[in-house]
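The values are calculated or read from the model by the stated rules, or taken from the named source; none is laboratory data. Keep in mind it's a predicted model, so treat the numbers as computed, not measured. Virtual Cβ from ideal backbone geometry, glycine too; neighbours counted across all protein chains shown.
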DNA sequence: TCTATATACGAACAGTGTTCGTGTCAAGTT
DNA sequence: AACTTGACACGAACACTGTTCGTATATAGA
């Protein structure tokens, strides 16, 4: 059986399957670096994809635009990537690979888990809209498992029960992705959308206070609270809510 | 100024703007029911859109398919709807309108808020994938404000501080939408996707236990916990986590 | 040198949201 | 009763999207 000379697999389907398998113990990588003058690499594809997302947002990451950024046509990408979904998977994997996971410290598990979530948030927001892709991701990509493993280690070290820890990781990752998706949508709208679809906080506050007090008493009364939250106050609040809930459930 | 004869606005843009304004006190509806034999109504559009989503999923809700279900062309829809985003807004509004909000009972606020979230979850899952649209929604649609008002009333009656209540509502709605999106994606994949992208729990468990214990010790050790959760156990867990956190923060 | 083969890529297909222009038909006015 | 009016319906088209097919190319091994 013939084996390609830059990485160990012939077509991108096999490459994708390999990414989800446990890593082979005998890892002999890149036997000979390149074959032609400028062959497009998967790494190159991921890099430019992340560049497109960082500058134009995830919605702008189309196969054609990505191919254009690589000075080629869209068909060329399919030699390196199975799918658009596969490309998303690769991009999220790269993003997860850049997260640094701390050595678990039982005394500081709250700060540590908060720190990991904050890292994920900042990474998601650095690439606006990418959390949409993260929400649709299968949890078997090795880099994602690595993050999950790191979070699990922190919570277990903190004395959280295994079942609670496992479910809490799921809840945290889900919330962080949803929060970042909302923030990205808001920012994108306020950036390049024409009026009537953009609502900044002042506009929202004005609308809530203008609601009829008979049918919406609490909304108009507490409009300030509903629209409050500088920066990531809402994010911090929710994380503390969940982490405190975890700590309270355990005698740790 | 001329006024159309079936509802009070000329074009769908004005209709959309009116939906986000506080309701006019003098509401005189449908002066004369219909003008032509079978004119398409906005209500009709929303109904068939929900039908399409319920049977084929949100991804199948395209303007052309919706137009086809109404026996017309896609251009005809734009007389009733500004946008695809506007259609999504209308659909979510209808969905929210069907939620029943309980009279706040200070003694039972936990069960009440849990009940509302469960209703939203079931409504989202009844229309698979629609939570994707809900995540991108502006919070000024009157039906959404109505739900938010109802949840706020429950939490305030339960003695939760206004700021905590406001942020908790946001967190809960965000989590419910994200959870339902994930569940919908999973179900859709296991329904009509070919292999290699579908992961049921057994497959997941097998993969997690097969991971090398040196690099993924906790994941392989607690694979059962990571993949556990019959029905909506994960959902219930997270809701309890947040609600308990709210209750603990307040001396109620 | 010659063949084998993985890669590159132009062209095309089916699908999407959206707009333009035109035709149609009921209501209000003369 | 004839006429204007203006909202609606709708065919056709545009600019996109992801994806595939077939072919050309240039290198690795014989």
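What the table shows:
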quantity	calculated
Residue in segment B:67-87 that is away from DNA strand D (no atom under 16 Å from the Cβ), surrounded by 14 or more Cβ atoms within 10 Å (Cβ to Cβ) and touching a residue at least 12 places away in the same chain (Cβ under 8 Å) present	yes
Leading residue by the ranking (nearest to residue B:86 (Cα to Cα)) among those in segment B:33-55 that are at pLDDT 95 or above and within 11 Å of DNA strand C (Cβ to nearest atom)	B:49
Residues being in contact (Cβ under 8 Å) with a residue 24 or more places away in the chain, surrounded by 23 or more Cβ atoms within 10 Å (Cβ to Cβ) and closer than 30 Å to residue A:136 by Cβ - total across segment B:134-168	3
Helices (runs of 4 or more DSSP H) enclosed by segment A:205-251 - at least 3 residues per element that are facing chain B (nearest Cβ under 7 Å)	A:233-249
Flag for residue B:10 being more than 14 Å from DNA strand D (Cβ to nearest atom) and either modelled with pLDDT of 95 or more or more than 26 Å from residue B:124 (Cα to Cα) (or both)	no
Lone qualifier among B:85, B:75, B:29 - being part of a loop (DSSP other than H, G, I, E, B) and at pLDDT below 95	B:29
Residue within segment B:115-137 that is within 23 Å of residue A:211 (Cα to Cα) and away from every other protein chain (no Cβ under 13 Å) present	yes
Test: residue in segment A:77-99 that is away from DNA strand C (no atom under 16 Å from the Cβ), over 12 Å from the mean Cα position of the chain (by Cα), under 23 Å from residue B:184 (Cβ atoms) and within 14 Å of another protein chain (Cβ to nearest Cβ)	yes
